[in-house]
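Student: Below is a structure I'd like to ask you about.
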Amino acid sequence: MKMNLVLELQDVPGQLLSVLEPISTLGTNLVTVIHQRDFKNERGMIPVQITIEGERGNLKQVIEKLKEMNITILELDGVVVKEKLSTILIGHVIDTDIKDTMDKINALEGVSVVGLDVKLEEELESSAMIIVESDAGKKSIVLNKIQDIADNKGLLVVNEV
């Protein structure tokens with residue numbers, strides 16, 4: 001049985017090798033690897049496409065081991081497993097407690113803030129780009145939560161299209 005995966009890896013020496021190790025030790029074979037360092041995302045992470053083959057139980061063990069290693073699996077056999085979205089909050093982002101905002105987003109099941117970029121303009125309003133990773137199919141839940149938080153704190157939300 002073959003399985004296609006799209007993983008998200010850090011651009012550091014040895015990261016790809018560490019992902020390939022459980023493939024060999026758990027009785028599966030590597031069929032293809034597409035590793036393109038030119039396609040980094042906003043956090044400097046690289047998508048890596050791999051195809052492996054083996055018995056169903058061995059493939060399942062590889063997936064479990066990758067999850068234990070905190071490797072993000074973006075796609076599994078063409079099915080999106082994790083989604084990322086970016087949104088910008090404008091207003092008194094810091095004054096309204098950015099940590100509280102992140103905690104409220106992180107409280108959603110299967111959702112976590114994975115990036116935060118804050119811009120300060122002296123004593124004027126600030127802005128923050130928040131990058132959120134969620135389980136597939138939760139985008140609208142995340143966007144609604146962010147809008148609710150923003151409404152309660154008097155912030156403007158700019159979502160990606």
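The values are calculated or read from the model by the stated rules, or taken from the named source; none is laboratory data. Fair warning: this is a prediction, and the values are worked out from it, not measured in the lab. Virtual Cβ from ideal backbone geometry, glycine too; neighbours counted across all protein chains shown. The accessibility values were calculated without ligands, DNA or RNA, using every heavy atom of the protein model including side chains. Shrake-Rupley method; radii C 1.70, N 1.55, O 1.52, S 1.80 Å.
Student: In debye to the nearest 20, how big a dipole does the chain give about its Cα centre with +1 on each Lys and Arg Cβ and -1 on each Asp and Glu Cβ?
Tutor: In total the dipole reaches around 660 debye.
Student: Looking at this model, which pairs from LYS60/LYS139; LYS2/LYS82; LYS40/LYS82; LYS82/LYS138; LYS40/LYS145 are more than 19 angstrom apart at the alpha-carbon?
Tutor: Over 19 Å Cα-Cα: LYS60/LYS139; LYS2/LYS82; LYS40/LYS145.
Student: Leaving out ligands, DNA and RNA but keeping every protein chain, what accessible area does LEU59 have, in Å² rounded to the nearest 10, with a 1.4 Å probe?
Tutor: 0 Å²
Student: Now for a different question. Please name which of GLN10, VAL142, GLY115 has its Cα lying farthest along the dipole of the chain towards the positive end, using unit charges on Cβ (Lys, Arg +1; Asp, Glu -1) and the Cα centre as origin.
Tutor: GLN10
Student: If you compute volume of the Cα convex hull per residue in Å³ for the structure shown, which of (i) 139; (ii) 193; (iii) 127 do you land on?
Tutor: Given (i) 139; (ii) 193; (iii) 127, the calculated one carries the label (iii).
Student: If you don't mind, there's one more thing I want to ask. Taking θ as phi - 60°, what are the ³J(HN,Hα) couplings along segment 110-121 by the Karplus curve (6.51, -1.76, 1.60), each to the nearest whole Hz, with x for Gly and Pro?
Tutor: x, 10, 8, 6, 10, x, 8, 10, 9, 10, 10, 10
Student: I would also like to ask the following. Under a cut-off of 20 Å between alpha-carbon atoms, report the aspartates and glutamates in cross-link reach of LYS67, not counting same-chain residues fewer than 8 places apart.
Tutor: List returned: GLU8, ASP11, GLU21, GLU53, GLU55, GLU75, ASP77, GLU83, GLU109, GLU133, ASP135.
Student: Here is a follow-up. In Å and whole numbers, how far do the C-alpha atoms of segment 49-91 stretch along each principal axis, longest first?
Tutor: The Cα atoms of segment 49-91 stretch 53, 21, 14 Å along the principal axes, largest first.
Student: What ranking of ILE90, ILE71 comes out by heavy-atom accessible area, probe 1.4 Å, highest first?
Tutor: The residues order as ILE90, ILE71, largest area first.
Student: Here is a follow-up. Nothing charged except the Cβ atoms of Lys and Arg (+1) and of Asp and Glu (-1): what's the magnitude of the dipole of segment 77-144 about its Cα centre? Round to the nearest 20 debye.
Tutor: Here the size comes out at about 360 debye.
Student: Right, next: Using a 1.4 Å probe, how large is the accessible area of MET129, given in Å² and rounded to the nearest 10?
Tutor: 70 Å²
Student: OK, next. Sort ILE34, ILE98 by heavy-atom solvent-accessible area, probe 1.4 angstrom, most to least.
Tutor: ILE34, ILE98
Student: Please compute the contact order of segment 77-133 in relative form: average sequence separation of alpha-carbon pairs under 8 Å and at least six residues apart, divided by the residue count, as a percent. Walk me through the numbers on the way to the answer.
Tutor: Details: 77 pairs, mean separation 26.8, N = 57.
It rounds to 47 percent for segment 77-133.
Student: If you build the Cα gyration tensor of segment 82-159 and take the root of 5 times each eigenvalue, what three semi-axes come out, in whole angstrom, biggest first?
Tutor: Working: eigenvalues 91, 27, 21 Å².
Semi-axes, largest first: 21, 12, 10 Å.
Student: Another question about this same structure. In percent, how large is the relative contact order of the chain, given Cα pairs closer than 8 Å and 6 or more residues apart?
Tutor: Reported relative contact order: 22 percent.
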